[in-house]
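A.B. asks: After the structure tokens below, expect a handful of questions from me.
The values are calculated or read from the model by the stated rules, or taken from the named source; none is laboratory data. Keep in mind the model is a prediction, meaning the values are calculated, not measured. Here the Cβ positions follow ideal geometry from the backbone for every residue, glycine too, while neighbour counts run over all protein chains shown. In case anyone asks, the SASA skips ligands and DNA or RNA and just uses the protein heavy atoms, side chains included. Shrake-Rupley method; radii C 1.70, N 1.55, O 1.52, S 1.80 Å.
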Amino acid sequence: MSIAVKPNGSSILTITLSLILFTSCSRNTCYIVRHAEKAAANANMSSDVPLSAEGEQRAQNLKTLLQDQSFAAIFSTPYIRTQSTAKPLSDAKGVPVQLYSPKDTVDQFITLVKTIQKGNVLIVGHSNTVDDIVNKMMGQSLLTDLAETEYNNLFIIKRKGKKYMFERRTF
């Protein structure tokens with residue numbers, strides 16, 4: 001036995017609006033950090049230096065802090081220090097690190113990040129790029145270049161639909 005239900009015009013409208021709101025209300029969070037502390041360069045090193053012991057510990061702390069979140073993408077510049085900052089979380093979550101070039105325009109990169117509608121994103125950058133990423137995503141100037149000694153900032157941008165909320169923490 002089957003029962004046929006004839007929806008009236010208002011119930012079709014309600015269902016349609018609910019579907020539009022449900023699908024257009026994307027939610028995700030972008031976590032943006034500068035790479036962790038880098039080793040002091042010596043004469044035998046290039047400018048692409050690895051993390052120091054303190055930096056390796058900070059990368060582990062970042063993993064611990066974010067390990068309960070799900071991630072759709074993890075981005076890093078192609079430098080050893082940024083990739084090493086992202087690697088513990090990447091390994092723990094099974095999400096590969098995708099490289100982006102800090103020489104690309106910020107607009108191109110932000111457009112790519114904004115296409116990720118579901119799932120969180122980690123972006124690891126540099127003292128002179130993190131502010132550009134945050135400012136572009138938020139559509140306003142909130143930050144300036146970070147001091148060379150600042151490694152403990154975690155910038156959080158929560159997106160719900162077309163609304164963005166900014167938060168700054170330390171770790």
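A.B. asks: Can you find, within the stretch 64-81, the residue that is nearest to Arg34 (Cα to Cα) among those that are over 13 Å from the mean Cα position of the chain (by Cα) and touching a residue at least 12 places away in the same chain (Cβ under 8 Å)?
C.D. replies: Arg81
A.B. asks: Moving on. Checking Lys136 against (1) touching a residue at least 40 places away in the same chain (Cβ under 8 Å); (2) open to solvent by 80 Å² or more (accessible area, probe 1.4 Å): exactly one of these is not met. Which one?
C.D. replies: (1)
A.B. asks: In the stretch 68-124, what residues are open to solvent by 10 Å² or more (accessible area, probe 1.4 Å), part of a strand (DSSP E or B) and in contact with a Phe, Trp or Tyr (Cβ under 7 Å, 6 or more places away or on another chain)?
C.D. replies: Gln98, Asn120
A.B. asks: While we're looking at this one, here's another question. List pairs: first in the stretch 139-162 and touching a residue at least 24 places away in the same chain (Cβ under 8 Å), second part of a strand (DSSP E or B) and among the acidic types (Asp, Glu), Cβ under 9 Å, 6+ apart or cross-chain?
C.D. replies: Leu154/Glu167; Phe155/Glu167; Ile156/Glu167; Ile157/Glu167; Lys158/Glu167
A.B. asks: Residue by residue through the stretch 129-171, note down the ones that are under 20 Å from Thr82 (Cβ atoms) and part of a helix (DSSP H, G or I).
C.D. replies: The answer is Val130, Asp131, Asp132, Ile133, Val134, Asn135, Lys136, Met137.
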